[in-house]
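J.: Please find one structure pasted underneath; my questions will follow.
The values are calculated or read from the model by the stated rules, or taken from the named source; none is laboratory data. Given the structure is predicted, the values throughout are model-derived calculations rather than measurements. Glycine also receives a Cβ, built like all others from the backbone with ideal geometry; neighbour counts cover every protein chain displayed. Side chains included, ligands, DNA and RNA excluded: accessible areas come from the protein's heavy atoms. Shrake-Rupley method; radii C 1.70, N 1.55, O 1.52, S 1.80 Å.
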Amino acid sequence: MIDFELSEEHRILEQTVRDWGAREVAPRIRDLDREHKFDRGVLPQMAKLGLLGVSVPAQYGGAGMDYISLGIASEELEYVDTSLRVIMSVHAGLNCLTLLTWGTEDQKQRYLVPQAQGQKIATYGLTEPAAGSDVRGIQTVAVKKGDRYLLTGEKMWISLADVADTFLVFAWTDPELKKQRNTAGISAFIVERGFKGFSSGTLTHKWGILAGNTGFFKMDEVEVPAENVVGKPGEGFKIAMFALDQGRFTVAAGATGLIRACRDASAKYAGERRAFGVEIAQHQLVKEMIAQMESDYQASRLLWLRSGWLKNVGRRNTRETGLAKWFATVASERAAGDAVQIHGANGYSDEYPVGRFYRNCKGAVIYEGTREIHKLMQADYVLGFRSDRPTRCELPPFGGQP
Ligand SMILES: Cc1cc2nc3c(=O)[nH]c(=O)nc-3n(C[C@H](O)[C@H](O)[C@H](O)COP(=O)(O)OP(=O)(O)OC[C@H]3O[C@@H](n4cnc5c(N)ncnc54)[C@H](O)[C@@H]3O)c2cc1C
């Protein structure tokens, strides 16, 4: 049976996050954006709402909700501002769900529990100054010395780089395989901000997601205990890709929220602004843009819901999640462009929110797989050039044993 109803629990979560965003963040977001200010004060509030561990089982400090709840929270948060959803993507999606799936019991107790409770904030460090889409091009290395690894390298364009306490970091552990660009030589590590040799900074010239923190971190022979290797040595690439299945899900749901925000702002403005003796809502070309936003919103929502359902029942969803992320982010760029258009010159000023939506949406067309990478992936699935092989660890189904 196909069931399109949200559960009572989903609806309560949706309303709660919507009310919180409208009350606590929406009135201040224009100023935060203008000041390029990340407000750390939202973190304890999000923790109190259970959002920072939304899909982490209660036994590991989370709210124990299903994966559709993670999508609902992401959609509602990005409706207000992308910076809020980014917190969910890197902390709850890319990091927590990866530790839940690949972490040892000791790692879950030491890192996942405080993260899910919101006492510690976590992020994901894959990208480097010279390597984004081409993951094999990363240069960070981890050299084994007894029961520790020495990590040296620089990560760039990292969300919450200057905010997070813990980092899921990817580095080459096998120099021979690095030369051959064989991803079996990459490993994943949990790195703490407090480890000696770690430093971070904020990127100050960014032009979107200005109320969010994006930065870099450097590691100069940072000593990481061997018990902080996530998965087995050599499983880092698979883990990085696994994490993206979770992060992309939040990005897809978030972009869906941004399309809805564009639609709502545009419909409101179109009902107020008059041109040629009528509200601009009466002009068919304006209606066309609003209709496109509505169809993009509904299609994007169905795509991320399907992906969330696949996660809930424990089925591999790399293909479906990638499609949801690609479709929704590209559609969000269209929606934001048209929202500015509908607002005319007023859309070109930050007196109205649509200019912020326009700046914010573009990041998601780049991160967690660029538009081009997703396009190639989807074509390759259809053409039979690509298929998903089972991995040693799979995301636990909702209610299943992690
Ligand atoms: C706001 C923001 C936040 C981010 N947060 C994080 C984070 O928290 N953690 C993290 O690890 N990274 C993060 N990133 C980095 C992001 O994941 C990378 O920017 C992304 O993977 C693209 O890499 P790149 O910028 O190096 O572009 P490149 O890989 O250099 O790509 C440049 C262009 O070439 C195209 N291209 C590249 N290869 C191909 C190909 N094979 N075929 C066709 N076209 C191709 C791309 O599509 C793109 O248009 C963030 C980025 C932004 C903008």
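J.: Among the residues that make up the stretch 230-245, is at least one of them open to solvent by 60 Å² or more (accessible area, probe 1.4 Å), at pLDDT 95 or above and either on the phi > 0 side of the Ramachandran plot or in a loop (DSSP other than H, G, I, E, B) (or both)?
T.: Scanning the stretch 230-245, I find at least one residue that is open to solvent by 60 Å² or more (accessible area, probe 1.4 Å), at pLDDT 95 or above and either on the phi > 0 side of the Ramachandran plot or in a loop (DSSP other than H, G, I, E, B) (or both), so the answer is yes.
J.: Which one of the conditions (1) more than 16 Å from the chain's Cα centre (by Cα); (2) part of a helix (DSSP H, G or I) does Gly314 fail to meet, given that it meets all the rest?
T.: With (1) more than 16 Å from the chain's Cα centre (by Cα); (2) part of a helix (DSSP H, G or I) applied to Gly314, the lone miss is (2).
J.: Additional query: Of all residues in the stretch 368-402, how many are over 17 Å from Asn312 (Cα atoms) and either modelled with pLDDT of 95 or more or β-branched (Val, Ile, Thr) (or both)?
T.: Of the residues in that region, 23 qualify.
J.: Search the stretch 79-102 for residues that are of a type in the set (Val, Ile, Thr) and pair each with any residue that is open to solvent by 10 Å² or more (accessible area, probe 1.4 Å) and in a helix (DSSP H, G or I) when their beta-carbon atoms are under 6 Å apart and the residues are at least 6 apart or on different chains.
T.: Qualifying pairs under 6 Å: Val80/Ala26.
J.: Residues to consider are Ala142, Ala122, Ala131; find the one that is among the hydrophobic types (A, V, I, L, M, F, W, C) and either over 19 Å from Gly234 (Cβ atoms) or open to solvent by 10 Å² or more (accessible area, probe 1.4 Å) (or both).
T.: From the options Ala142, Ala122, Ala131, the qualifying one is Ala122.
J.: Let me ask something else. Restricting to the stretch 167-178, and then to whatever is within 13 Å of the ligand (Cβ to nearest atom) and in contact with a helix residue (DSSP H, G or I) (Cβ under 8 Å, 6 or more places away or on another chain), can you tell me which residue is farthest from Pro114 (Cα to Cα)?
T.: Restricting to residues being within 13 Å of the ligand (Cβ to nearest atom) and in contact with a helix residue (DSSP H, G or I) (Cβ under 8 Å, 6 or more places away or on another chain), the top hit is Ala171.
J.: Output the number of residues of the stretch 259-298 satisfying the condition of being of a type in the set (D, E, K, R) and either at positive phi or buried (at least 21 other Cβ atoms within 10 Å of the Cβ) (or both).
T.: 3
J.: Within the stretch 131-173, can you find the residues that are aliphatic (A, V, I, L, M), under 15 Å from Glu227 (Cα atoms) and over 18 Å from the mean Cα position of the chain (by Cα)?
T.: Within the stretch 131-173, Ala142, Val143, Leu150, Leu151 qualify.
J.: Look through the stretch 350-402, keep the residues that are part of a loop (DSSP other than H, G, I, E, B) and within 16 Å of the ligand (Cβ to nearest atom), and return whichever of them is most open to solvent (accessible area, probe 1.4 Å).
T.: Phe385
J.: Please specify each residue of the stretch 1-42 satisfying the condition of being of a type in the set (Gly, Ala, Ser), open to solvent by 40 Å² or more (accessible area, probe 1.4 Å) and outside any helix (DSSP H, G or I).
T.: Result: Ser7, single match.
J.: I've got another one for you. Which one of these does Gly118 not meet: (1) assigned to a loop (DSSP other than H, G, I, E, B); (2) within 16 Å of the ligand (Cβ to nearest atom)?
T.: Result: Gly118 passes all but (2).
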